[in-house]
Amino acid sequence: KAKQAGGASLAFFTQDILVEASSRLTIAAELKRAILENELELYLQPQLDSASGEVVGAEALLRWNHPVKGFLTPAAFIDVAEQTRAIRLVTGWLVKESFSIIKRWEQAGRDLFLSFNISALDLADNELLLRMTEELEQQQIKPANIELEIVESAIIENFQSASAILSKLREIGFHVAIDDFGTGYSSLAYLDKLPVDKLKIDREFTSKLELGEGAGIVKSIVDLASNFDLRVLAEGVETLEQEQLLKQLGCQRVQGFYYSKPIPLAEFEQKYLLPQA
Ligand code: C2E
Ligand code: MG
Ligand code: MG
Ligand code: MG
């Protein structure tokens with residue numbers, strides 16, 4: 001009896017793994033189709049200079065208009081994409097898309113930057129570097145108007161390869177930002193060697209500011225950035241009070257729902273580009 005029950009639960013267990021594995025493969029295979037069928041879309045969220053309130057650039061955040069599952073945010077597919085290498089197709093698409101957006105902005109006489117998120121796998125070999133170089137050759141944009149966002153752990157996991165690639169990208173003139181800063185290793189020993197231009201303070205710390213918590217960490221990161229000659233931005237700003245505290249703490253750049261949620265590209269251009277074009 002006991003053996004039977006064990007057998008049954010083992011069968012269920014195996015079944016779960018199979019379902020899980022096949023849904024992973026489905027998402028990975030579907031992402032290929034999604035790119036061919038134009039189902040991926042970028043939503044843009046402005047980044048502002050905190051002193052002047054001016055929009056200086058935007059972060060591109062991926063959305064998937066799935067024919068059956070509807071409108072998907074990254075939580076529904078980015079992890080799987082990263083685990084199945086499908087992320088490399090996604091990143092390839094991001095390169096083309098971002099460069100052509102910047103091209104259009106430059107042609108309209110606007111000097112805003114666009115950042116997009118990359119993953120650890122994108123820094124495991126030269127593919128991203130090649131794609132970025134090729135696209136730069138074709139589009140002839142200002143490389144400083146493209147920024148890559150990467151979490152610290154993705155650089156540190158594979159430090160040799162990742163830092164070599166990021167250094168080359170920066171030599172060309174592209175910018176690199178560390179995303180979710182303060183939640184990872186945040187080791188001073190590494191910070192000195194990281195080939196980056198900007199620290200993005202994780203929204204966990206921004207959200208605690210009003211409670212009187214988080215200010216110490218924010219101040220430390222702001223000082224760190226200043227000592228290492230890096231830009232610093234606070235993510236996840238949702239209130240006026242947070243904005244004011246961030247200004248007092250000397251944080252140069254801000255991003256968050258208080259200014260705007262991520263919005264479709266056309267809406268972003270309508271709001272932030274056309275009036276001044
Ligand atoms: P992230 O790069 O740290 O992006 C910030 C996330 O916080 C975004 O969620 C954004 O919509 C959200 N956010 C922005 N301001 C606020 C705020 O004031 N309050 C709150 N509560 N949330 C705010 P989203 O778009 O769902 O993206 C989640 C994560 O998925 C991103 O975190 C990034 O790690 C990943 N991701 C997004 N797009 C891409 C992509 O194109 N490629 C890769 N590899 N990863 C991506
Ligand atoms: Mg990001
Ligand atoms: Mg972040
Ligand atoms: Mg994140």
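FRET efficiency for K261 and A29, Cβ-Cβ distance as r, R0 = 45 Å, nearest 0.05?
The pair K261/A29 has a calculated efficiency of 0.90.
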Seminar exercise, completed: So the angle from the long Cα axis of helix 2-36 to the longest Cα principal axis of the chain, reported in degrees to the nearest 10, equals 40 degrees
Problem set entry | Tail weight of P(r) past 36 Å, computed on alpha-carbon pairs of the chain, percent | 19 percent
For this session: Quick one: compute a quarter of the convex hull surface over the Cα atoms of the stretch 131-193 and quote it in nm².
Result: 4.4 nm²
Exercise. Roughly how compact is the stretch 99-230, stated as its Cα Rg over 2.2 N^0.38 Å to two decimals?
Worked result: 1.13
Exercise. Suppose R0 equals 41 Å; then what is the FRET efficiency for R170 and H66 from their Cβ-Cβ distance, rounded to the nearest 0.05?
Worked result: 0.70
Seminar exercise, completed: Under 5 Å from the placed amide H of S115, counting only residues 5+ away or on other chains, we find A58, E59, A60, E147
For this session: Would you mind counting up the charge near E243? Only other residues with Cβ under 15 Å from its Cβ, with Lys and Arg at +1 and Asp and Glu at -1.
Result: -2
Problem set entry | Residue-averaged [θ]222 nm for the chain, counting only DSSP H segments that reach four residues, each worth -39500 (n - 2.57) | -15500 deg cm²/dmol
For this session: Post the alpha-carbon centroid distance, the stretch 61-83 to the stretch 141-171, in whole angstrom.
Result: 24 Å
Problem set entry | Hull shadow area, averaged, the stretch 156-277 [alpha-carbon convex hull, nm²] | 9.1 nm²
Exercise. What is the stretch 29-100's relative contact order, in percent, from Cα pairs under 8 angstrom and six or more apart in sequence?
Worked result: 26 percent
Seminar exercise, completed: The ³J(HN,Hα) series, computed from each phi in the stretch 79-89 with the Karplus coefficients 6.51, -1.76 and 1.60 at θ = phi - 60°, rounded to the nearest Hz and given as x for glycine or proline, is 4, 4, 4, 5, 7, 10, 6, 4, 4, 5, 5
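Please report, as a whole percent, how much of the solvent-accessible surface of the chain comes from carbon and sulfur atoms (probe radius 1.4 Å).
53 percent
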For this session: Taking the Cα atoms of the stretch 63-107, report the difference between the largest and smallest coordinate on each principal axis, in whole Å and largest first.
Result: 36, 23, 15
Seminar exercise, completed: Once all protein chains are kept in place, L61 shows an accessible area at probe 1.4 Å, nearest 10 Å², of 40 Å²
For this session: Would you pull out the residues with amide H under 5 Å of V151's amide H, same chain only if 5 or more places away, H placed 1.01 Å from N?
Result: D179
Seminar exercise, completed: So, with points 7 Å from each Cα along the Cβ direction, the S52-E127 label distance in nm works out to 3.9 nm
Seminar exercise, completed: Distance in nm between A189 and L274 label points, each 7 Å along Cα→Cβ, equals 5.4 nm
Exercise. According to the square roots a ≥ b ≥ c of the eigenvalues of the Cα gyration tensor, what is the shape class of the stretch 43-182, taking rounded for a/c under 1.5, prolate for a/b larger than b/c otherwise, and oblate for the remainder?
Worked result: rounded
Problem set entry | Rounded to 5, percent antiparallel among DSSP beta bridges of the chain | 40 percent
Exercise. Tell me, what is the 1.4 Å probe accessible area of D79, in Å² to the nearest 10?
Worked result: 100 Å²
Exercise. Applying 1/(1 + (r/R0)^6) with R0 = 22 Å to the Cβ-Cβ distance of E238 and T73, what FRET efficiency is obtained, to the nearest 0.05?
Worked result: 0.80
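Per residue, how much accessible surface does the chain expose to a 1.4 Å probe? Answer in Å², no decimals.
With the other protein chains kept in place, the chain gives 50 Å² per residue.
The values are calculated or read from the model by the stated rules, or taken from the named source; none is laboratory data. Just so it is clear, the model here is predicted, and its values are computed rather than measured. Reconstructed Cβ throughout: ideal geometry from the backbone, glycine too, with neighbour counts over all protein chains shown. Surface areas here come from the heavy atoms of the whole protein model, side chains and all, with no ligands, DNA or RNA. Shrake-Rupley method; radii C 1.70, N 1.55, O 1.52, S 1.80 Å.
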